[in-house]
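One structure is given here, and the rest of the page talks about it.
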2 protein chains.
Amino acid sequence: MQHALTRKLESFEPLSDQARWALNGLVIKVRQVGARQDLIQEGDKPENVLLILDGFACRYKVLPGGQRQIMALLVPGDFCDLNVFILDEMDHAIGTISTCQVVDIPRQAIDETATHHASIARAFWWCSLVDGAVLREWLVNIGGRLPAPRIAHLFCELLMRLEAVGRVTDNSYAFPLTQTEIAETMGLSDVHVNRTWGDLRVLGLIHLKQRVLTILDVERLKAFCDFTPNYLHLRNTRWGERRDLSWPGRAEGG
Amino acid sequence: MQHALTRKLESFEPLSDQARWALNGLVIKVRQVGARQDLIQEGDKPENVLLILDGFACRYKVLPGGQRQIMALLVPGDFCDLNVFILDEMDHAIGTISTCQVVDIPRQAIDETATHHASIARAFWWCSLVDGAVLREWLVNIGGRLPAPRIAHLFCELLMRLEAVGRVTDNSYAFPLTQTEIAETMGLSDVHVNRTWGDLRVLGLIHLKQRVLTILDVERLKAFCDFTPNYLHLRNTRWGERRDLSWPGRAEGG
DNA sequence: CGACTTATTGATGCACTTCAAGCGACGTGG
DNA sequence: CCACGTCGCTTGAAGTGCATCAATAAGTCG
């Protein structure tokens, strides 16, 4: 079975067998990390690139008041930082939310793979750009949307991102965040997240049981929060419009 | 006089004369754009990279309710999008705030310059990474800080970013944003921005006159909003800690 | 089973939004 | 040259959405 990274990259553009094989070559040294552990701390200077193979992690900063702000959720197939080594040191921390399977990929291996496979280099670029786009959408979400659609938007986004890596069945996916952690990502109090959550439940939009979230009515949830998936730039999935780019045989260096 | 881009890149690492010369070669086809004009619209597929040489611009999205959310401020030396052409189309718009001088740089020219000058390629990478870091800090700002420190933080960040491109004198810089535009970046109402602004003024922290903002007490303003400049990853300016890389005589062309 | 974390609910208060009106600066046209 | 419109800033008043504090219930892990 192909792992999350390959699936994700192929939601951008198809890969040759050689490219897929090269990607598999990156995934050695898998390790298991428990929930709520730091993978990287602020001030670190990581030499390896981290890849999340399974589980949820997050980027976060802690404000002087002690409150934590989560800035991004990392799901299977997501890189922690493809090119941090250019910077002097990490300006934020990365921690697990659930138990995670993490891969340490030497910087050199990334570079070499990208050099030998133009399609992978392009796909890595695409990852970085989409990460930025997601971040911008989060800013819009927090800055501009009311609490209920704000939370709903997160659920919609995760539905699509997890779908792209094969982690969704029947509009359900594993959702390990506590309400407090949702509050930390959404700039709300945990109490208010709870009440808003209740509203969404009453509206018949979502259902949560044993850390599995089910979207009861995808279209209604999307309409509820004005979810527009263009910022995820998926084009090769059932959500992304499949464009007629008709790759003329991809010219893949193999 | 060297332009903003060169200055900015040199706040990351020093450049050779050849590299500086190559950068100058990118800056042809300068055009003037009036205030409050769109440079790029959502859905566009730009072929050129835009560089802001002078003035303020912003990234923004418009929510269905009609409200605008500004997601980033672009100041002299900032690229609009170094690598958008990998994506299918723009997921947000870019518009000017003040009158701007903009350069259209063909994608090919960017690629060639980066290929021939490793230091420039690295510096371009650094630009992208810092853009992301700024975006994350904005998320923390909007999600976690109260209105007064939130606005103060913006002023601190602009002070340093503009300082890096030589647009600050005596802790003053041109500040063309209206209070409504500040509100649109901060996720606040314009009325509340006005009141909060008044608070900052009463505290003796800032002073605005004829679109020139003066930070009256930089250290106090920084302390007020817990400003930590590490996320800007400057190391070659008077703010960034100068690391003992021992450049043999700054090679400051001037 | 007992300790601890997570979810839920109530009560209280204030920070922020919204609506609304007035003011100064600026530009335009009669 | 002054009347007028527009735009940005300022201030007031009113309502409420969200945070905070607090206590209980439900779930989870040893």
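Numbers for the structure displayed
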| read-out | value |
| --- | --- |
| Karplus 3J(HN,Hα) series, Hz, for the range B:86-95 with 6.51 cos²θ - 1.76 cosθ + 1.60 (x for Gly, Pro) | 5, 7, 5, 7, 5, 9, 7, 9, 10, x |
| Relative pair counts by distance (%), Cα atoms of the range A:8-157, 10 Å bins | 10, 37, 37, 14, 2, 0 |
| Accessible solvent surface per residue of chain A, calculated while the other protein chains remain in place, 1.4 angstrom probe, Å² | 42 Å² |
| Other-chain or far-sequence residues with amide H under 5 Å of B:Leu39's (modelled H) | B:Ile94, B:Gly95, B:Thr96 |
| Cα-based radius of gyration of the range A:78-141 once divided by 2.2 N^0.38 Å, which approximates compact folds | 1.28 |
| Convex hull projection area averaged over all views, the protein assembly as shown, Cα basis, nm² | 23.7 nm² |
| Residue-by-residue Karplus 3J(HN,Hα) for the range B:190-207, coefficients 6.51, -1.76, 1.60, Hz, glycine and proline x | 5, 4, 5, 4, 4, 5, 5, 3, x, 4, 4, 5, 4, 6, x, 8, 9, 8 |
| The range B:37-54 - phi-based ³J(HN,Hα) in whole Hz, Karplus 6.51/-1.76/1.60, Gly and Pro as x | 10, 7, 8, 9, 10, 4, x, 5, 10, x, 9, 9, 8, 9, 10, 8, 9, 7 |
| Stokes-Einstein translational diffusion, the range A:101-212 - Kirkwood Rh over all Cα pairs, 0.890 mPa s, 25 °C, in µm²/s | 150 µm²/s |
| Distant-in-sequence amide H partners of A:Leu216 (H built 1.01 Å from N, under 5 Å) | A:Ile206, A:His207 |
| Among the listed pairs A:Lys222/B:Lys45; A:Lys61/A:Lys209; A:Lys222/B:Lys8; B:Lys29/B:Lys61; B:Lys29/B:Lys222, those beyond 32 Å (Cα-Cα) | A:Lys222/B:Lys8; B:Lys29/B:Lys222 |
| Accessible surface buried upon A-B contact (total; probe 1.4 Å; Å², nearest 100) | 3900 Å² |
| Alpha carbon convex hull of chain A, volume per residue in cubic angstrom | 130 Å³ |
| Euclidean distance of C-alpha centroids, the range A:139-185 and the range B:43-57, integer Å | 31 Å |
| With every protein chain in place, the protein assembly as shown: carbon and sulfur % of accessible area (1.4 Å) | 50 percent |
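The values are calculated or read from the model by the stated rules, or taken from the named source; none is laboratory data. Model, not experiment: these values are computed from the prediction. For the accessible areas, the whole protein counts, side chains as well, though only heavy atoms, and no ligand, DNA or RNA atoms are used. Shrake-Rupley method; radii C 1.70, N 1.55, O 1.52, S 1.80 Å.
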